[in-house]
1. Which members of region B:282-316 meet the condition of being in a loop (DSSP other than H, G, I, E, B) and modelled with pLDDT of 70 or more?
2. Is it fair to say residue B:194 is in contact (Cβ under 8 Å) with a residue 12 or more places away in the chain, within 14 Å of chain A (Cβ to nearest Cβ) and either surrounded by fewer than 21 Cβ atoms within 10 Å (Cβ to Cβ) or not hydrophobic (A, V, I, L, M, F, W, C) (or both)?
3. Give, as residue ranges, the strands (runs of 3 or more DSSP E) completely inside region B:194-260 that count at least 1 residues that are modelled with pLDDT under 90 and either closer than 30 Å to residue A:273 by Cβ or of a type outside the set (S, T, N, Q) (or both).
4. Can you tell which of A:175, A:138, A:200 is among the polar types (S, T, N, Q), facing chain B (nearest Cβ under 10 Å), closer than 30 Å to residue A:260 by Cβ and surrounded by fewer than 21 Cβ atoms within 10 Å (Cβ to Cβ)?
5. Write out, first by first residue and then by second, each pair whose Cβ atoms fall under 7 Å of each other, whose residues are 6+ apart or on separate chains, and whose first residue, in region B:159-177, is within 10 Å of chain A (Cβ to nearest Cβ) while the second is basic (Lys, Arg) and in a helix (DSSP H, G or I).
6. Among the numbered conditions (1) farther than 30 Å from residue A:286 by Cα; (2) open to solvent by less than 30 Å² (accessible area, probe 1.4 Å); (3) touching a helix residue (DSSP H, G or I) at 6+ places or on another chain (Cβ under 7 Å), tell me where residue A:122 comes up short.
7. For a quick check of your reading of the model, give me the residue pairs whose first member lies in region A:158-177 and is farther than 14 Å from residue A:133 by Cβ and modelled with pLDDT under 95, whose second is open to solvent by less than 80 Å² (accessible area, probe 1.4 Å) and among the charged types (D, E, K, R), with beta-carbon atoms closer than 6 Å and at least 6 apart or on different chains.
8. State all residues of region B:159-172 that are open to solvent by 70 Å² or more (accessible area, probe 1.4 Å) and outside any loop (DSSP other than H, G, I, E, B); if no residue qualifies, say none.
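The values are calculated or read from the model by the stated rules, or taken from the named source; none is laboratory data. These numbers were taken from a predicted model, which means no experiment stands behind them. Every residue, glycine among them, receives a Cβ derived from its backbone with ideal geometry; neighbour counts consider all protein chains shown. Surface accessibility is based on the protein's heavy atoms, side chains included, excluding ligands, DNA and RNA. Shrake-Rupley method; radii C 1.70, N 1.55, O 1.52, S 1.80 Å.
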Amino acid sequence: MALCKINTFINLIRNNSPYPVLSRTIFKTNNFNYSKPILIGSQRWLFHESHRKGGYDTEHKVSNLEHLKKGFQELKQELKLFKQEVIDLIETDPLLIARPGETDLIWCFNDLSTLDKFVTTADSDHNEGFSSCSLEMSSAGRARFHGYLDVRVPKDGRIKKAGYCAMRSKRIRKSFKRPATFDWHLYNTLVLKIRGDGRSYLLNISCEGFYDVTWNDIYHYVLYTRGGPYWQIAKIPFSKFVLGSKGRLQDKQTRMRFDRVTHFGISCGDKINGRFDLEIEYVGLEFDPTHDEEFAYEMYKTDKYIVGV
Amino acid sequence: MANKILGNILRTRPSFMLFKRWEGSKSEKRVTVHDPFYSQPQKNKQSYLEVIKMFEGQDTRRRGHVEFIYAALARMREFGVQKDLEVYKALVDVLPKGKLIPRNIFQAEFMHYPKQQQCAIDLLEQMEDNKVMPDSELEQMLLNIFGSRGIPLRKFWRMLYWMPKFRNLSPWYLPEELPNDTIALARLAIERITSVDPDIKVEIWETEEIEASLDKTWIVSAQSESQKILLAEQPLDDPLIVKGPFNVYLREQVVSYFLLIGKTRPEIKDDSDPDDVSNIKKPLGIPGVVGSSQVPVVRQTVHEQDDGTIVSVCATGTSSRDSLLSWIRLLEKHGNPLLSSIPVIFTLTAPPSEMSIPETQPVKDRSKVEEIAS
């Protein structure tokens, strides 16, 4: 009986936890195996983001000794990378112009090693829904991003909407695990060769910065697919991408910083229950000299206290 | 004066639209729920609007209007009105006019009447999710309720800015309301996936034309002239393959289609050097020059994909094996005589079984089951 009461009390705190300190102490003392409370919804409780992943703790905890061992094993690979970096620095042979009409591929999905550069996520990974997805090689020898999109909301009283599947590239890095960014300033068009199923997908280009306000900056655009057995080439100018943060379009729009691109991803979340299937041959970049638009959306000044509040 | 106010309060009936508390006999106190949406015999727009009218007429103070709007929003899909702007307007109209407008800067800054504002924002969000575009009348209504500093107004203006930008973005046009007829829907789907080739002809056949057919159904088949040529050039010893079913989505509607795939054709290798000037042919189309306009016999078409040559695409009424057999027969009848002598392999995955997915079970298991089945 007493246990039951404590449980209900804890549930009460978990579900509407305006007192994070209190709930934390209770978790410590009771040692219950609850997942960390995650703040969902438009309400913000703090002025800053304390966690890059927004509270989704996906890190594997390892002991210090294990850490040392694994780090030592990776030393060889890292030194190789470092050597290559030094060679590149000495050679100083960067790409200075992009040839118009030619597509430079960033990822060509013709072998398994390219798929390792991507991570898939679905809402069921965090017990927030029932969708599932995977990125595999297709029978035609390309990447196949497929799964089941389910918009049912789990009945835990915490989540209002569900149903997303996403694939995202891993953060590129320099040697010794230093994070790096893509440099796409030569190009102005994103080119994808795909074969879809008639659904519309979302292209996400993350431009994470140093400060916490920029951690969730993602530039979005819709990828419409024709469906059917024929490949299609989608060319989307970067000027069309809109800035969003945590899925919300921002009032103050800016164009993308091409030298600060950290991730590229495709997600499926069109609120339609059912299987989805997207085959991707390559993701590339192109310089289109006829496209001189810098940013497709209005950037005039608006009234005070209306925009950006 | 005080008496008048007190009287006013006492006269208002303490009835709650959704919850009547402590009803029943005096000894046994329990909660009874009265849900006007539930008790409607017919679930349509008319009855939905009637419930809203009932709520508005019930109580001059409109107590519990926020709760009512939330309850009404949750019932929209049930009544089939989630895409109707008029219904959303009727719901916004429930909110009191004038009372919620902030009177000074502090009220404006610190979210005057937060529950009501959040409720209106959620209503607008639901509109957005259902792709309902607001209009200027709704703006006027919101202005009368929350004033120009209200947060629902900001949400409204954002919607009015962005939604028209994305509304007609899709390069493949679909009508506002998809047809209910399955043949028309299948035709739309086949036309969409074969839109790569403008020469393609979409035809609707009945399987009754084939006497041996068991399934009496329809077939929407698409084939272009170039595909006929590609089919005619298939080697006789290499079988054609019927693959499917694959899905194509037209918004929420799913249409499954099948492919008739031939052997992958070898790529044409053109080793001639365009800079080589030793053997220039006579230019064509110049007046005075007599030349023959020769089109290369084998041309790369869009149907020659790297995993096979797509010879035809179809959707049938039943998606059954027999109807596909009839499709092959009908193709043979309509200008592909080679099909009578070339073998055709049916590699069809089993039709997806109707499995109920338990609420707690992740869907991963289901895909595994299907993969095994296929």
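1. B:300, B:301, B:302, B:303, B:306, B:307, listed by residue number.
2. It is true that residue B:194 is in contact (Cβ under 8 Å) with a residue 12 or more places away in the chain, within 14 Å of chain A (Cβ to nearest Cβ) and either surrounded by fewer than 21 Cβ atoms within 10 Å (Cβ to Cβ) or not hydrophobic (A, V, I, L, M, F, W, C) (or both).
3. In region B:194-260, the matching strands (runs of 3 or more DSSP E) lie at B:240-250.
4. One residue alone meets the criteria, A:200.
5. B:172/B:192
6. (3)
7. A:159/A:128; A:175/A:78; A:175/A:85; A:176/A:78
8. Within region B:159-172, just B:167 meets the criteria.
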